[in-house]
Amino acid sequence: MEYREYSEEARRRRRRREPARYTTHFGDGTLVRLLPIVVWMCGLINASGFSEREFLTNKEIETIQMNQEIHLRVKFYLQFAELRLKTAEERLNGVEPAAGDPFELLTPEEMLDGYYHILRSTMFSLDDAYKNPDTRVRSKVQHALKTLKGSTEKALVQLDILKKIAEEKKDEKLWDLVNKAIDITQGAHEGAEQGLSKEPAPPAKKPNTR
């Protein structure tokens, strides 16, 4: 791959790229088609170089297995994703991992790849849950969408910090991974907003006639 200069022209070229879009059921019964998610994601997985690695720790896998309801599953997935961004920033700023840290041997690039895979799994989990006709599940999906919206808003701020660090270090590989993470985060945030915008209003309370 030709080295990309971190010039103003390079940044303009990057900004002109079409942002990633996603196929999602969030928000209504019809499929919202923006761009094919599978084709786009397969390209990113192959480009990342880390697709064969396990992206959750054993303890995280156990937590997900014990919390299968969609709003809890999404909550913990996003906590794990946020931890990877925090840890990546700490590593890049020279903070040494504590003894026994499950991420001790992982690089910032692997943290970003793990973040991407976790957010991808979150989106697929939400998509599957929305197809469930049970109204009790649907209310939990709305709860999960609110969690996703808030988490992705915070993540975009942190990813912008990571992008600046990559530019300062002139690290192309890191810069590319940050931008891929930004793309999927923006798509997840957009999907959450669309779903929440179609959330039905709560039923009006009946007047007390007594």
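Any read-out appearing in this document is the output of simple, stated calculations on the displayed coordinates, not a laboratory observation. Worth saying up front: this structure is predicted, and the values here are computed from it rather than measured. No Cβ is skipped: glycine too gets one built from the backbone with ideal geometry, and neighbour counts run over all protein chains shown.
Relative to the 2.2 N^0.38 Å rule of thumb, the range 61-158 has a C-alpha radius of gyration ratio of 1.19. Measuring how big the range 90-210 is from its alpha-carbon positions, Rg and Dmax come out at 19.4, 72 Å. For the range 51-89, the list of trypsin sites (Lys or Arg not before Pro) that fall in a loop by DSSP and count at most 13 other C-beta atoms within 10 angstrom reads R53. Seen from P97, the other residues with C-beta closer than 10 Å to its C-beta sum to a net charge of -3, counting Lys and Arg as +1 and Asp and Glu as -1.
At full extension, S139 and T107 could sit 7.7 nm farther apart than now, given 0.36 nm per residue minus the alpha carbon distance. Write down Rg/Rh for the range 135-183, rounded to two decimals, with Rg from the C-alpha atoms and Rh from the Kirkwood relation over Cα pairs. Looking at the range 135-183, the ratio lands at 1.25.
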